[in-house]
Structures are given as C-alpha cells and as structure tokens.
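Presented below is the structure to which this report refers.
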Amino acid sequence: MTDIRNIVVLTGAGISAESGIDTFRDAGGLWEQHRVEDVATPEGFARDPDLVQRFYDARREAVQKVKPNAAHEALARLDAEWEGDLLIVTQNVDDLHERAGAKRVLHMHGELLSALCSACEARHSWSDTLFDQPACPGCGEQALRPDVVWFGEMPYEMERIYTALRRADLFVSIGTSGAVYPAAGFVRDAREYGARTLELNLERGEGSYWFDESRQGLASHLVPDWVANLLAG
Ligand code: BV8
C-alpha cells in the first residue's frame with residue numbers, strides 16, 4: 001500500500017454506534033422512533049418545529065454524555081501521522097471525531113453542536129436547547145434551527161469533497177449503510193477517478209458491490225487494524 005498518498009474516509013453512524021449513539025437504520029434506530037419526513041426535512045420542521053427541536057435537543061444533550069471509541073481514536077492517529085492528504089468526510093452530526101483529536105474533518109450533514117439562524121444565516125456553537133426559541137446572538141431574531149442538513153437540503157462543502165475524491169488514491173467507507181445520496185455515490189466517483197476503495201462495516205452496505213474490498217465487523221476492531229497496517233507501510 002506504499003503507493004497510497006491521498007486518502008478520503010467517509011464515516012457514518014456505525015462508527016459512533018459503539019460509543020452509544022443510535023444509528024438510523026439498525027433495529028431500534030432513530031428512524032424507527034420517528035418518521036424521517038417528520039424530523040429530518042424542512043417540511044417537517046415547518047409543520048411541527050417543537051417536535052423537531054425536541055428531537056435534536058435530545059440528541060445534542062446525549063452526544064455530550066458519550067465518548068469517542070477506538071475507531072474514532074484510530075482515525076485521529078491516522079490524521080496525526082499521515083503525511084499525505086487526508087480528509088475525513090463524516091455524515092455524522094456528533095463531534096466524536098474531533099473529541100478523539102482528528103483535525104481534517106468535514107461535516108457534510110452539519111453538526112448537532114451548532115445552531116443556524118434562518119434569519120441572518122449565521123452559525124453559532126451551541127450545546128444547549130433550541131426548543132425555547134433563544135434569540136440569535138447575531139441578529140437577535142428567534143430564528144435558530146439545528147445546523148444539520150435535512151433531506152432535500154444541499155450537503156455542505158460538496159466542491160471540497162469532490163476535489164478530494166478526484167485526488168484520492170484510496171477511498172475508505174466506515175459505518176455507513178450507503179442509503180443516502182450524494183454520500184452513497186462517493187465510492188463510484190472515487191473508482192472513476194482511479195482510487196482503490198475499501199468498505200469497513202458491520203454488514204455489507206447498499207453500495208458494497210462497488211468496493212474493491214469489503215470487510216465486515218465492528219468498527220472498533222476493523223479501523224484500528226486498518227490504520228495500523230497502513231501506517232506500517
Ligand atoms: C440532497 C443529518 C439535493 C441529519 C441526514 C432518490 C434516489 C436517490 C436520491 C434521492 C432520491 N430521493 C431523494 C434523494 C436525495 C436524498 C436521499 O438520498 N434520499 C434517500 C433516502 C434515497 N438525499 C438528500 O436529500 C440529501 N440532499 O440530495 O440535496 C442535492 C444534492 C446534491 C446536489 C444538488 C442537490 C441530503 C441528505 C442528508 C440527510 N441528513 N442526517 C441528522 O443526522 O438528523 S441523513 C442520515 O442518514 C445520515 O446523515 C447519513 O447520511 C444517512 C445514512 O445513515 P448512516 O450514517 O449510513 O447510518 P445507518 O443507520 O443508515 O447505517 C449505519 C451502518 O453502520 C449500517 O450499515 C450498520 O451495519 C453499520 N454499523 C452499525 N454498528 C456498527 C456498524 N458498522 C461498524 N461497527 C459498528 N459497531
């Protein structure tokens with residue numbers, strides 16, 4: 001693997017599962033408790049803002065009570081020691097990559113610990129509730145919403161992601177079902193640009209067919225092994 005220089009890693013809810021954060025589609029997951037249309041779309045938010053704010057308030061509170069696991073720590077080690085390009089594109093809205101020490105992280109679906117003002121479009125670091133409609137620290141309007149990308153909304157920093165995919169020698173997908181686009185299509189883009197592709201997941205994801213290699217197992221086992229081998233050269 002010595003001809004690997006530029007790496008793009010895509011992570012999903014499965015990398016945070018062993019930290020105690022619910023995934024979306026596993027049994028008992030978030031989407032079993034709520035209809036996606038009701039809590040993860042702009043229409044759902046317009047229809048019942050209190051329900052949506054409470055859904056995200058509960059997740060924002062929960063994420064502050066859990067810790068990164070060995071998979072997050074292994075990616076942080078890779079980030080610290082890898083001399084080539086590395087971009088950790090995460091679909092997750094938790095901050096466990098950062099809390100493990102990773103720096104080169106891109107939250108394409110936003111972050112729980114950030115609030116977005118619908119009036120002035122400012123973003124504010126936020127660890128509290130939004131249910132009680134606090135005023136935007138910037139413009140004073142009571143127009144703060146969770147700073148997450150809902151279905152039908154444009155994911156963040158897509159250009160930066162595609163630039164990294166075009167330069168990638170290796171694309172690794174960790175803990176994602178491959179059910180949601182455009183993230184689920186990155187493996188095909190990476191292949192087209194000539195990257196090798198590896199899937200690390202509890203079970204084969206929906207796009208498993210597109211990967212050169214797919215390993216099944218717990219992220220806390222697969223990711224540290226993969227990072228150790230890569231750094232050993
Ligand atoms: C967009 C943030 C327009 C909020 C999320 C028809 C066809 C194709 C596409 C579409 C279509 N109709 C509509 C679309 C577009 C739509 C889409 O893809 N819909 C799907 C349902 C078909 N996408 C969008 O709307 C996106 N925006 O398209 O904009 C556009 C785009 C580009 C250019 C111009 C215009 C926006 C989507 C973002 C939605 N927001 N989250 C929040 O968090 O509340 S989605 C949410 O689900 C996640 O962010 C993530 O992206 C997605 C998938 O979740 P996963 O992370 O994969 O988690 P999941 O539970 O599914 O799977 C967990 C996996 O981990 C499993 O495989 C499991 O086996 C594994 N696992 C479990 N435990 C472990 C483990 N693995 C290892 N170890 C373990 N211990």
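Bear in mind these aren't lab numbers, they're just calculated from the coordinates by the rules spelled out. Just so we're clear, the structure is a prediction, and the values are computed from it rather than from any experiment. Every residue, glycine as well, gets a Cβ built from its backbone with ideal geometry; the counts of neighbours run over all protein chains shown.
Looking at the chain, the pairs of alpha carbons with a distance over 23 Å make up 48% of the total.
An ellipsoid equivalent to the range 164-213, defined through the eigenvalues of its Cα gyration tensor, has semi-axes of 17, 11, 8 Å when rounded to whole angstrom and sorted largest first.
Dividing the C-alpha radius of gyration of the range 107-192 by 2.2 N^0.38 Å, with N its residue count, gives 1.35. R0 = 25 Å: FRET efficiency of residue 50 with residue 25, Cβ-based, nearest 0.05? Working from the Cβ atoms, E equals 0.45. Three principal axis extents of the range 34-85 based on alpha-carbon atoms, in descending order, are 48, 26, 14 Å.
How large is the direction-averaged shadow of the alpha-carbon convex hull of the range 60-135, in nm²? Quarter of the Cα hull surface area: 5.9 nm². Remark on the range 1-105: ratio of C-alpha radius of gyration to 2.2 N^0.38 Å is 1.26.
Within the shell of other residues whose beta carbon sits under 13 angstrom from the beta carbon of residue 37, the net charge comes to -1, with Lys and Arg scored +1 and Asp and Glu -1.
Here the relative contact order of the chain, from alpha carbon pairs under 8 Å that lie six or more residues apart, stands at 24 percent. Given 20 °C and 1.002 mPa s, compute D for the range 187-227 with the Stokes-Einstein relation, Rh being the Kirkwood radius over Cα pairs; round to the nearest whole µm²/s. In µm²/s, the coefficient rounds to 201. Among beta bridges from DSSP that stay inside the chain, the antiparallel ones total about 25%. Electrostatic bookkeeping for residue 122 treats Lys and Arg as +1 and Asp and Glu as -1; over the other residues with beta carbon under 13 Å from its beta carbon, the sum is -1. Summing +1 for each Lys or Arg and -1 for each Asp or Glu among the other residues whose beta-carbon sits under 13 angstrom from that of residue 23 gives -4.
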